[in-house]
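Worksheet: the structure to be examined is printed underneath.
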Amino acid sequence: MKKKILLPIFATFMIFSGVGMGSNNTAQAASVSELTATASKYIGVPYVYGGTTASGLDCSGFTQLVFKQLGYDLNRTAASQYKQGSSVSKSDLQPGDLVFFNTTGKVASHVGISLGGNKFVHAGTSTGVTEASLNSSYWAKRYNGAKRVASFGESNKVVAAVSSVEKEEVKDSAIDFTIYASRGEVAIQLAKTLGLDTSDTNSPFSDIKSSSKYAGAATALYKLGVFTGDEGKFNPASPLTRAQMAKVLVKAFDLKMKQDTLKFTDVPTSHWAHNDISILASNGITVGKGDGTFGTNDNVMLKHLTAFINRLQ
């Protein structure tokens, strides 16, 4: 992904007034969905002082890594990140804004990433990477401001490749083709399609409260063995890959192998999802991406999910 320079207010003005700033500034912005998915995939990573990799992260190492993967350069420390971007009031927080805290007597000794509203994700010394609330008694009294170093918008997402057959089947849908199908949304759609009883909201997953809109669906699918979680977590905001979706659909709809004739160049027999992907193909649920591949690591979009479910009904 092309790097995006973090623009101060005067630089933004220069762009709109027609003054050139360099080609890097024209790179396509990441989306809220990409931001959320990228930040959420590190939930559970342990805190390591000075850590900058997925094996261990400190607070600014986490924010720097997330933004780097989205194509933005952040300074290394919380204090230096506090000097970037423009100030944002707490009431105007948007997903992607950096939120800062005074935890050691310094103006900006801790940093996290706003998820919008009062939610943020950060690498805590005692929790590792986790989601938290700005309104909690601990963080509320230590909150010390926010900076906007980039803007994220749903209209600027990178669209994953999909076959012409899948596009044709869902072209009249009102669902935005570019929105990722999160695990939570997949659970809701599957529960509805299968007609499951979602009244039990006593979630078995530590990261889904009973008040969550995903609780009933996630619990129902857990009982069926469709979603078993990862170390006790459901990670509702995380996207599913096409390979993961294949496994979920085969289990949810109890699909069996028919004539196995369609092969994909990126799904060798040694691939962990080979059997599930083959079952989907043999049942006519997928024809791949049109280039001979299935796209095992591509994230599933909502319209992909709609197309798959339509064919299963």
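The values are calculated or read from the model by the stated rules, or taken from the named source; none is laboratory data. Note that the structure is predicted; figures quoted are calculated from it, not measured. A quick note on method: Cβ atoms are made from the backbone with ideal geometry, for glycine too, and the neighbour counts reach across all protein chains shown. Side chains are part of the model used for accessible areas, which takes the heavy atoms of the whole protein and leaves out ligands, DNA and RNA. Shrake-Rupley method; radii C 1.70, N 1.55, O 1.52, S 1.80 Å.
Scanning for something surrounded by 19 or more Cβ atoms within 10 Å (Cβ to Cβ) and either under 25 Å from Leu115 (Cα atoms) or free of Cβ contacts under 8 Å to residues at least 24 places away in the same chain (or both), does the stretch 250-265 turn up at least one residue? No, that holds for no residue. Does Ser151 satisfy being closer than 22 Å to Tyr42 by Cα and in a loop (DSSP other than H, G, I, E, B)? Yes.
Counting the residues of the stretch 128-148 that are under 20 Å from the mean Cα position of the chain (by Cα) and assigned to a loop (DSSP other than H, G, I, E, B) gives 0.
A quick yes/no check of all residues on (1) surrounded by 14 or more Cβ atoms within 10 Å (Cβ to Cβ); (2) not aromatic (Phe, Trp, Tyr):
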{"site": "Thr201", "(1), (2)": "yes, yes"}
{"site": "Phe205", "(1), (2)": "yes, no"}
{"site": "Ser210", "(1), (2)": "no, yes"}
{"site": "Ala217", "(1), (2)": "yes, yes"}
{"site": "Tyr222", "(1), (2)": "yes, no"}
{"site": "Val226", "(1), (2)": "yes, yes"}
{"site": "Arg242", "(1), (2)": "yes, yes"}
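Taking the stretch 266-298 as the search range and keeping residues that are part of a helix (DSSP H, G or I) and farther than 22 Å from Gln189 by Cα, which one is most open to solvent (accessible area, probe 1.4 Å)? Spell out the reasoning first.
Keep residues of the stretch 266-298 that are part of a helix (DSSP H, G or I), which gives 274-282.
Still in the running and farther than 22 Å from Gln189 by Cα: 274-275, 278, 282.
Working: His274: 38, Asn275: 89, Ser278: 10, Ser282: 23 Å².
Checked the stretch 266-298; the qualifying residue most open to solvent (accessible area, probe 1.4 Å) is Asn275.
Looking at the structure I just gave you, is Ala140 without any contact (Cβ under 8 Å) to a residue 12 or more places away in the chain, hydrophobic (A, V, I, L, M, F, W, C) and surrounded by fewer than 16 Cβ atoms within 10 Å (Cβ to Cβ)? So Ala140 passes the test.
From Lys83, Lys2, which residue is basic (Lys, Arg) and either at pLDDT 90 or above or closer than 19 Å to Gly124 by Cα (or both)?
Working: Lys2 fails: either at pLDDT 90 or above or closer than 19 Å to Gly124 by Cα (or both).
None of the other options fit; the residue is Lys83.
Filtering the stretch 299-308 to residues that are part of a helix (DSSP H, G or I) and open to solvent by less than 10 Å² (accessible area, probe 1.4 Å) leaves His304, Leu305, Ala307, Phe308.
So which residues in the stretch 106-148 are among the basic types (Lys, Arg) and closer than 19 Å to Ser86 by Cα? Spell out how you get there, then give the answer.
If we filter the stretch 106-148 for residues that are among the basic types (Lys, Arg), which is where we start, we get 106, 119, 141-142, 147-148.
Answer for the stretch 106-148, where residues must be among the basic types (Lys, Arg) and closer than 19 Å to Ser86 by Cα: Lys147, Arg148.
Scanning the stretch 286-297 for residues that are within 25 Å of the chain's Cα centre (by Cα) and at pLDDT 80 or above, which turns out nearest to Val250 (Cα to Cα)?
Thr286
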